[in-house]
Amino acid sequence: MKFETVTFVRIYLTEADKKLKDLLRCLHDEAQVRGVTVFRAISGFGRSGTVHSSSLLDLSLDLPVTVEFFDTPAKVEALMGQLETKFEPGHIVCWQAQMNC
């Protein structure tokens with residue numbers, strides 16, 4: 001089996017950030033990365049310590065959202081400069097991975 005090195009990126013945000021639609025458009029239409037997955041959490045908190053969670057009593061949703069994508073290290077490196085201006089420090093995590101091809 002043959003493997004290729006890719007860079008995997010995870011971006012943490014919340015529904016209230018209203019950044020998801022623009023981020024997906026950027027990743028799909030502009031950067032055309034290989035793969036993107038969006039996860040909607042049922043609960044979570046970050047640096048602020050504010051817990052975001054769902055309940056039947058919630059009128060508005062502000063749930064945690066995680067966006068993951070991967071592509072070649074060169075493509076991700078070129079894209080990171082653009083992404084870092086859109087998200088606060090500590091909201092983007094990336095690492096190298098091996099993908100079978």
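No value in this document is a laboratory result; all are computed from the given coordinates. What you see is a predicted model; the values in this text were computed from it and never measured. Don't worry about glycine lacking a Cβ; one is built from the backbone with ideal geometry, like all the others, and counts go over all protein chains shown.
Can you give the local net charge around V9? Use residues other than it whose beta-carbon is closer than 9 angstrom to its beta-carbon, Lys and Arg +1, Asp and Glu -1.
Neighbourhood net charge equals -1.
Give me the percent relative contact order of the chain, please, defined on Cα pairs under 8 angstrom at least 6 residues apart.
49
Straight distance only, please: which lysines reach the Cα of K19 with their own Cα at less than 23 Å, same-chain residues fewer than 8 apart left out?
K75, K86
Rounded to the nearest 0.05, what FRET efficiency is calculated for R47 and M99 with R0 set to 25 Å and r the Cβ-Cβ distance?
Calculated value: 0.20.
Calculate the FRET efficiency for Q32 and M1 from the Cβ-Cβ distance with a Förster distance of 35 Å, rounded to the nearest 0.05.
The pair Q32/M1 has a calculated efficiency of 0.85.
Can you match P(r) over Cα pairs in 10 Å bins from 0, in percent to one of these, (1) 15, 43, 32, 9, 0; (2) 14, 44, 28, 12, 2, 0; (3) 16, 51, 27, 5, based on a calculation from the structure here?
(2)
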